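First the structure, in the form of structure tokens, and then the observations on it.
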Amino acid sequence: MKRITGTLQCLAIAAIVIVGGCSGENKTEQTVEQTVVETALAVKGEEIVTVSRELRSSFTGSLEGKKQAVIRAKIAEAVEKILVREGDRVTPSDVLLRLDRTGPTSNYVQAFSVFKNAEKNYSKMKYLFGEGAISESEYDGAATEYEVAKANYEAASQLVDIRSPVSGTVTSIDVAPGEYVMVGQQVATVAATDTLRMKLGVTSADVRHFTVGVPVEIFMETMPNVIGYGRVSMVAGSADPETRAFQVELLIDNSEGRFKPGMFARAEITLAKYRDVITVAHKTMLERSGDRYVFVVNGDRAILRKVITGVEFDAFTQIVAGLKPGDTVITVGQDYLEDSTKINMVRFVNARGEEIEL
């Protein structure tokens, strides 16, 4: 009987130990669960303010001189000498290049010889007429002969000494010394470059934005820090029957000589101006199921908010509903957030545009 009682006591003690051990394990698991802390994600925010923005559109084309002369050979001869280089400034009296004066199609040498003889004879007859040694008809005949010879010589000279017809800049030399040119072949181009011209082909939807006098800005990829200014000078009243595009012509001020004819440029025109609108950068917004959202800051939480968008600007989108001035929108880190995620604002752009590190 004593042995049975002792055995039962031992079993009871063992049960208490087991139960006590299990109870300790539960307390440990509860302690671990209670020590899990929610991590706050680092983000950058920006205070919403109203701004003024312009809706702009771009068109591309090549620049050319307002007055541009394409010069062609009038006789078939070899190029003897080129007297200018591309980029040189020239006047109508400047010879651009010279063809062979002694070539088979040139009568320059003959015309020059006849002119010199006529000039010499005219000088003699003029002296004799002044002395009363010859009649007036003899003097008039010598003068006429001289004038005809002079005109023939100048005509022959213009065929071999090719001059610029306008003042401007040599934009191209299309032949080389020794090259044999044909009648009508292009040999050079000269353009007046103080004012440049740019021709655009625009659609029927865009042509309504162009009226004569509207200002434009000109940009070059090769000169990103240089801006040119011009105005619309002509708008076609009907579309080209082949391209279905409307031709628009721009005149660009180039008095400082920053641009050259032949350059490829981009013209930007302001289509509309907006005042006191709310905009956010394109990358700030998220698209879900066809709707657009942004994350706004509420205390230490990021709240997902649906927005209604309006006009699309270059890098920004107008928000017509869903945001108001004074809201703080998350601009960096939003791709990793869910609604009500805990956040830690590490950088903040205030209403004055100042970026503050927090």
Subject >> Check on Arg231, among the charged types (D, E, K, R) and without any contact (Cβ under 8 Å) to a residue 40 or more places away in the chain >> reply: yes
**OP:** Would you point out the residue of segment 42-66, among those that are of a type in the set (A, V, I, L, M, F, W, C) and in contact with a Leu (Cβ under 6 Å, 6 or more places away or on another chain), that is surrounded by the most Cβ atoms within 10 Å (Cβ to Cβ)?
**Re:** Leu63
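Condition check ((1) in contact with an Asp or Glu (Cβ under 9 Å, 6 or more places away or on another chain); (2) within 30 Å of Arg89 (Cβ to Cβ)) across all residues:
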{"residue": "Leu196", "(1), (2)": "yes, yes"}
{"residue": "Thr203", "(1), (2)": "no, no"}
{"residue": "Phe210", "(1), (2)": "no, no"}
{"residue": "Met223", "(1), (2)": "no, yes"}
{"residue": "Val232", "(1), (2)": "yes, yes"}
{"residue": "Thr243", "(1), (2)": "no, no"}
Subject >> Output for segment 211-235, where each listed residue is among the β-branched types (Val, Ile, Thr) and either in contact with a Phe, Trp or Tyr (Cβ under 6 Å, 6 or more places away or on another chain) or within 14 Å of Thr270 (Cβ to Cβ) (or both) >> reply: Thr211, Val214, Val216, Ile218, Ile227, Val232, Val235
**OP:** For segment 78-103, enumerate the residues that are over 13 Å from Gln158 (Cβ atoms) and either free of Cβ contacts under 8 Å to residues at least 12 places away in the same chain or assigned to a strand (DSSP E or B) (or both).
**Re:** Ala78, Val79, Glu80, Lys81, Ile82, Arg89, Val90, Thr102
**OP:** Could you look through segment 98-122, keep only residues that are touching a strand residue (DSSP E or B) at 6+ places or on another chain (Cβ under 7 Å) and of a type in the set (Ser, Thr, Tyr), and pick out the one that is nearest to Ala143 (Cα to Cα)?
**Re:** Ser106
Original post:
Does at least one position in segment 300-308 carry a residue that is free of Cβ contacts under 8 Å to residues at least 12 places away in the same chain, surrounded by fewer than 13 Cβ atoms within 10 Å (Cβ to Cβ) and in a strand (DSSP E or B)?
Top reply: no
Original post:
Of the residues that make up segment 258-271, is at least one part of a strand (DSSP E or B) and more than 23 Å from Gly65 (Cα to Cα)?
Top reply: yes
Original post:
Of the residues Arg197, Arg208, Arg244, which single one is within 20 Å of Thr270 (Cα to Cα), of a type in the set (Lys, Arg) and loosely packed, with under 15 Cβ neighbours inside 10 Å?
Top reply: Arg208
Original post:
Would you call Lys324 out of contact with any strand residue (DSSP E or B) (no Cβ under 7 Å at 6 or more places or on another chain) and modelled with pLDDT of 95 or more?
Top reply: yes
Subject >> Ala69 modelled with pLDDT under 95, of a type outside the set (D, E, K, R), surrounded by 15 or more Cβ atoms within 10 Å (Cβ to Cβ) and in contact with a Phe, Trp or Tyr (Cβ under 9 Å, 6 or more places away or on another chain) >> reply: no
Original post:
Within segment 272-299, which residues are among the polar types (S, T, N, Q) and either part of a strand (DSSP E or B) or crowded, with 17+ Cβ neighbours inside 10 Å (or both)?
Top reply: Thr279, Thr284, Asn298
Original post:
Using beta carbons and a limit of 8 Å, which pairs, at least six apart or on different chains, have the first residue in segment 264-280 and within 25 Å of Thr50 (Cβ to Cβ) and the second one among the polar types (S, T, N, Q) and modelled with pLDDT under 90?
Top reply: Glu268/Ser57; Glu268/Ser58; Ile269/Ser57; Leu271/Ser57
Original post:
Pro325 is checked against (1) farther than 30 Å from Met223 by Cα; (2) outside any loop (DSSP other than H, G, I, E, B) and fails just one. What number does that condition carry?
Top reply: (2)
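The values are calculated or read from the model by the stated rules, or taken from the named source; none is laboratory data. Being a predicted model, the structure only gives us computed values, none of them experimental. FYI the Cβ positions are ideal-geometry reconstructions off the backbone, even for glycines, and counts take in every protein chain you see.
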